[in-house]
Amino acid sequence: MNELFKSEYKSPVYNVRAIPIEKIQANSYNPNAVAPPEMKLLYQSIKEDGYTMPIVCYYLSDIDKYEIVDGYHRYTIMRTHKDIYDRENGLLPVVVIDKDISNRMASTIRHNRARGSHSIELMTNIVSELTQSGMSDAWILKNIGMDADELLRLKQLSGLAELFKNKEFSNAKETNEELIWK
């Protein structure tokens with residue numbers, strides 16, 4: 001038996017599927033952005049080398065669609081370039097992971113944070129949504145890969161007091177002015 005497959009766990013990348021692009025949809029919580037010059041480069045790369053990395057998706061059985069976790073820009077290239085669509089017969093290479101919605105958001109962010117730039121507004125919205133859905137700060141820190149200061153800043157930017165409702169705060173006994181003159 002091959003040493004790589006001793007355990008029963010098998011990474012999704014070993015099961016790449018050719019999925020019609022019409023069955024794939026973007027998610028609403030991807031904070032990653034790519035500038036136009038890099039999109040042109042991505043198009044050129046796909047045109048010259050083909051798709052070398054699969055799109056990562058979740059399968060949504062209730063609507064028979066695949067929702068993107070990672071690979072939105074590779075998906076966009078096929079949707080916006082007929083030459084790529086035709087060459088690939090409208091099929092994208094996809095690997096599927098299976099997790100609940102909160103973990104889907106975390107997966108998308110983990111995939112993107114390692115390499116892209118992110119919209120602060122979208123990251124703030126994601127933190128807000130995760131917090132409102134009951135995810136603890138510890139869960140968010142662990143699963144999204146941010147530090148406590150970054151999480152605090154994003155919560156503060158949201159302007160939603162409810163994001164802090166389960167936190168204890170000390171009561172200041174002295175004002176800043178009193179502290180300065182001591």
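Computed from point charges on the beta carbon alone (+1 for Lys and Arg, -1 for Asp and Glu), the dipole magnitude for the stretch 47-98 about its Cα centre is near 200 Debye. Set the bar at 28 Å for Cα to Cα. Now go through Lys10/Lys142; Lys23/Lys142; Lys23/Lys155 and name every pair that lies beyond it. Table pairs above 28 Å Cα-Cα are Lys23/Lys142; Lys23/Lys155.
Read-outs throughout are calculated quantities, based only on the coordinates presented, and are distinct from any laboratory measurement. Because the structure is a prediction, the values reported are computed rather than measured. Cβ atoms come from the backbone with ideal geometry, glycine included; neighbour counts cover every protein chain shown.
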